[in-house]
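Peer 1: So that we are looking at the same thing, I have put the structure below in structure tokens.
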Amino acid sequence: MKTNHWADETAAKIIFNKGDKELYTCASGITPSGSVHIGNFREIISVELVVRALRDMGKNVRFIYSWDDYDVFRKVPANMPKQEELESFLRFPITMVPDPWERDSSYARHHEVDVENTLPKVGIYPEYIYQAEKYRSSVYADGIRKALEKRDILKNILDKFRDEDHKIQGQWWPVSVFCEKCNKDETEIESADVPSVDGDWVLSYKCKKCGNAEKLDIKTAKGIKLTWRIDWPMRWEYEKVDFEPAGKDHHSQGGSFDTAKHVCKDVYGWDAPITFRYDFIGTKGLPGKMSSSSGNVITLDDVLNVYTPEVTRFLFAGTRPNTEFTISFDLDVIKIYEDYDKNERIAFKIEAAKNDEVYQKERRIYELSQVSTSISAGGDGKTPRIEDMITPYQIPFRHLCNLIQIADGDIEKAITDLTANDNNLKPQQLPAIRARAQCAKFWVENCAPEDFKFRLLKSSREHGEEIESFIRELSEIEKNAIRILRDDVINKIETFEDDKTCSTAVYAAAEKAGIDGKALFGAAYQALIGKDQGPRLANFLRSIKKERLLEILKDY
């Protein structure tokens, strides 16, 4: 199936530029210097969507994710515990910083585990590469040697994109060294001897922090690391990377990608991977800038509290990577769920698309939004197809929020009430409803505005003092209207086929009571939830058990 989805376009570009290969390698990665935020996740899922597209085209793909856990620990993020203890490990490799939560083997591993445990929830299963292990096992020794041999070429490449004030001055080395004694990178390289024939590869350094001085065998040393703009392209060649995107900061003119592609070709003899630029993500409804060095970090787990895995994927699959967008946690959450539900209806041809091109696009977005099974668990890594799915049961997010509040926050009670009232709901559809209900409950309790929240009151006879704190003094006319609503509408609520017929009966009750519909609505909301307004009344009444409504209103 040919579509104009950006993931398919990128996959076709990779094949065209890299040729027909037995295996394509797609890469992503990050330094675990703090909590991995949802902006970082954009790169991960962007790569995964392209991986899926390649596999859908019948290609074998290796999807690697590099943890740059041999980077320097430069700063303690504001949201970390044990700040003073962590500060004592500044300039250490991140993998040697202890876990302040005392859960994992290191600070780096803690953040890695958080991500590795969460990605399967959204159907993402990369092969993880740990750079500390790679460097310490000396697998990059040849790459380090080549950089030292060609450091004049590297210097010229880096200077090419710098103005005169920022060109490299004096002696420069393409590597840094973690001191063998104090573990910090505050070292000065004194010399490097890399013979052109077999022999000792020796690097001499002195630590400016503790004074330790040593000669290291480059072939076996654990503490030598290439600088960032050399390390990245070296790994492209080592892993034979065909595709890797980067943020717009890396893709700025003269930025790290510009220099890396020259280093990759001129020093390591490998063509840089196909790439694209992805933009930033904003958040709405929660305070704070999204940043891994900030105290206000929005992670993938935070997003999954509010959005199901499929809706989370939909946000990214339905947006081109170079387009900035906002993930909302306020009332716009309802609109995003509505957008997903419309996409779903079009994909299953429940709702007609404008034309076949629109249908194919919407279907592709929907399929890419679905969570797949890992290859290791028996999946094929390809995108799930509509033909292999059951038709979903749609329940609007807003309505589900109301049902959960009617059930006093009890998800299972809300689902039981839902299944009791709808014979069309199939058992195999329940897991998706339950997952959406969990998100709805979290959103109502933690993110929804106060005027969206409610709880049903109890009868005034049993809870007189409590009900007085919720409802204002109703006039005799309003109390009479409540009685008419109770006797003429609620008493026969099961006879109304839909919300429209129920709404007609509500307006008839208002006319009989001699007040307008708006006034009756206000009185009903005060009697039921102690507020001046609430959910759409007809649907609200039909969603609550008749016996419960009569119990609340029996004393009017």
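Peer 1: In deg cm²/dmol and to the nearest 500, what is the mean residue ellipticity at 222 nm of the chain if only DSSP H runs of at least 4 residues count, each as -39500 (n - 2.57), divided by the residue total? Show your work: numbers first, answer last.
Peer 2: On the way: 22 runs with 237 residues, N = 556.
The helix contribution divided over the chain gives -13000 deg cm²/dmol.
Peer 1: While we're looking at this one, here's another question. Rank Gly58, Thr283, Phe257 by how far each Cα sits towards the positive end of the charge dipole of the chain (+1 on Lys, Arg Cβ; -1 on Asp, Glu Cβ) and give me just the farthest.
Peer 2: Result: Gly58, furthest along the dipole toward the positive end.
Peer 1: Okay, next question. Straight-line reach only, C-alpha to C-alpha below 15 angstrom: list the aspartates and glutamates that Lys382 could link to, leaving out same-chain residues fewer than 8 apart.
Peer 2: Asp8, Glu48, Asp56, Glu367
Peer 1: List the lysines whose alpha-carbon lies under 20 Å from that of Lys215, not counting same-chain residues fewer than 8 positions away?
Peer 2: Cross-link targets: Lys146, Lys181, Lys184, Lys206, Lys225.
Peer 1: Can you work out the Karplus-derived ³J(HN,Hα) for every residue in region 425-436? Use 6.51 cos²θ - 1.76 cosθ + 1.60 with θ = phi - 60°, whole Hz, and x for glycine or proline.
Peer 2: 7, 9, x, 6, 8, 5, x, 5, 5, 5, 5, 5
Peer 1: Say the dipole of the chain comes from +1 at the beta carbon of Lys and Arg and -1 at that of Asp and Glu; which of Gln360, Ile493, Leu425 then lies farthest toward its positive end?
Peer 2: Of Gln360, Ile493, Leu425, it is Gln360.
Peer 1: So how much slack lies between Gln253 and Asp271, counting 0.36 nm per residue of separation and subtracting their Cα-Cα distance, in nm? It would help to have the intermediate numbers written out before the result.
Peer 2: On the way: separation 18, 0.36 × 18 = 6.48 nm, distance 1.89 nm.
Once the chain is fully extended between Gln253 and Asp271, it gains 4.6 nm.
Peer 1: If you check each cysteine of the chain for another cysteine whose beta-carbon is under 4.7 Å away, which ones come up empty?
Peer 2: Cys26, Cys264, Cys401, Cys439, Cys447, Cys502, each lacking another Cys Cβ under 4.7 Å.
Peer 1: Next question, about the same structure. Of all alpha-carbon pairs in the chain, indicate the percentage at a distance above 40 angstrom.
Peer 2: Values: 63754 of 154290 pairs.
Summing the P(r) of the chain above 40 Å gives 41 percent of all pairs.
Peer 1: Can you give the extra length, in nm with one decimal, that the chain gains between Ala519 and Val358 once fully stretched, where that is 0.36 nm per residue apart less the Cα-Cα distance? All intermediate terms of the calculation are to be shown ahead of the outcome.
Peer 2: Numbers: separation 161, 0.36 × 161 = 57.96 nm, distance 4.47 nm.
Separation in residues times 0.36 nm, less the Cα-Cα distance, equals 53.5 nm.
Peer 1: Out of Ser475, Ile346, Ala132, whose Cα points farthest toward the positive end of the dipole of the chain (charges: +1 Lys, Arg; -1 Asp, Glu; placed on Cβ)?
Peer 2: Ile346
Peer 1: Now, a different point. Taking every Cα atom in region 1-122, find the radius of gyration and the maximum pairwise distance Dmax, and write them in Å.
Peer 2: 18.1, 57
Peer 1: Also, quick follow-up: How do Thr299, Thr383 rank by accessible surface area computed with a 1.4 Å probe, from largest to smallest?
Peer 2: The ordering from most to least exposed comes out as Thr299, Thr383.
Peer 1: Note down the magnitude of the dipole of the chain about its Cα centre, charges +1 on Lys and Arg C-beta and -1 on Asp and Glu C-beta and zero elsewhere, to the nearest 20 debye.
Peer 2: Working: 81 positive and 93 negative charges, 131 e Å.
Approximately 640 debye in magnitude.
Peer 1: Related question: Defining a contact as two alpha carbons under 8 Å apart and six or more residues distant in sequence, what relative contact order in percent does region 308-423 show?
Peer 2: Values: 79 pairs, mean separation 28.4, N = 116.
Averaging sequence separation for qualifying contacts and normalising by length gives 24 percent for region 308-423.
Peer 1: With a 1.4 Å probe and every protein chain left in place, tell me how much accessible area His166 has, in Å² to the nearest 10.
Peer 2: Around 120 Å² of this residue is reachable by solvent.
Peer 1: For region 1-73, take N as its residue count and report Rg(C-alpha) divided by 2.2 N^0.38 Å. Walk me through the numbers on the way to the answer.
Peer 2: Details: Rg = 14.2 Å, N = 73, 2.2 N^0.38 = 11.2 Å.
Taking N as the residue count of region 1-73, the ratio is 1.27.
Peer 1: Please give the net charge around Glu116, taking every other residue with its beta carbon less than 13 angstrom from that of Glu116, where Lys and Arg add +1 and Asp and Glu add -1.
Peer 2: Working: positive: Arg109, Lys121; negative: Asp69, Asp104, Glu112, Asp114, Glu127, Asp301.
Result for the neighbourhood of Glu116: -4.
Peer 1: Quick check on packing: order 515-528, 540-553 by the mean number of other C-beta atoms within 10 Å, highest mean leading. Don't skip to the answer; put the middle values down first.
Peer 2: Numbers: 515-528: 19.6, 540-553: 17.5.
The most tightly packed comes first, giving 515-528, 540-553.
Peer 1: Counting just the Cα atoms, what span does region 285-440 cover along each of its three principal axes? Round to the nearest Å and put the largest first.
Peer 2: Extents along the principal axes: 50, 43, 38 Å.
Peer 1: Another one. Run the reach check for Lys512 against lysines, Cα to Cα strictly under 29 Å, same-chain hits fewer than 8 apart removed. What comes back?
Peer 2: Lys458, Lys479, Lys492, Lys500, Lys531, Lys545, Lys546, Lys554
Peer 1: Cβ under 12 Å from Ala246's Cβ, Ala246 left aside: what net charge do those residues give with Lys, Arg +1 and Asp, Glu -1? Each step should come with its number before you reach the end.
Peer 2: Numbers: positive: Arg42, Lys248, Lys261, Arg277; negative: Glu43, Glu244, Asp249, Asp258, Asp279.
Net of charged neighbours comes to -1.
Peer 1: Please state the relative contact order of the chain as a whole percent: Cα pairs under 8 Å, 6+ residues apart?
Peer 2: Working: 848 pairs, mean separation 68.4, N = 556.
This gives 12 percent for the chain.
Peer 1: Charges at C-beta only: +1 for Lys and Arg, -1 for Asp and Glu. How large is the resulting dipole of region 476-556 about its Cα centre, in Debye rounded to 20?
Peer 2: Working: 14 positive and 14 negative charges, 34 e Å.
Charge dipole of region 476-556: 160 debye, to the nearest 20.
Peer 1: Modelling each spin label as a point 7 Å along the Cα-to-Cβ direction, I'd like the Thr495/Thr416 distance in nm, to one decimal.
Peer 2: Result for the modelled spin labels: 3.0 nm.
Peer 1: Additional query: Rounded to the nearest angstrom and ordered from largest down, what semi-axes does the equivalent ellipsoid of region 52-155 get from its C-alpha gyration tensor (root of 5λ)?
Peer 2: Working: eigenvalues 159, 128, 24 Å².
The three semi-axes for region 52-155 are 28, 25, 11 Å.
Peer 1: Jot down the radius of gyration and Dmax of region 88-203, Cα atoms only, both in angstrom.
Peer 2: Answer for region 88-203, Rg first and Dmax second: 18.6, 51 Å.
Peer 1: When you take every Cα atom in region 182-250, what is the radius of gyration, and what is Dmax, the widest Cα pair distance, in Å?
Peer 2: Values for region 182-250 (Cα only, Rg and Dmax): 15.6, 43 Å.
Peer 1: Something else about it: Below 8 Å, C-alpha to C-alpha, sequence gap of six or more: please give me the relative contact order for region 86-160 in percent. Present the calculation step by step, with values, prior to reporting the outcome.
Peer 2: Numbers: 32 pairs, mean separation 10.5, N = 75.
Computed value for region 86-160: 14 percent relative contact order.
The values are calculated or read from the model by the stated rules, or taken from the named source; none is laboratory data. Worth saying up front: this structure is predicted, and the values here are computed from it rather than measured. Neighbour counts run over all protein chains shown; Cβ positions are idealised from the backbone, glycine included. Side chains are part of the model used for accessible areas, which takes the heavy atoms of the whole protein and leaves out ligands, DNA and RNA. Shrake-Rupley method; radii C 1.70, N 1.55, O 1.52, S 1.80 Å.
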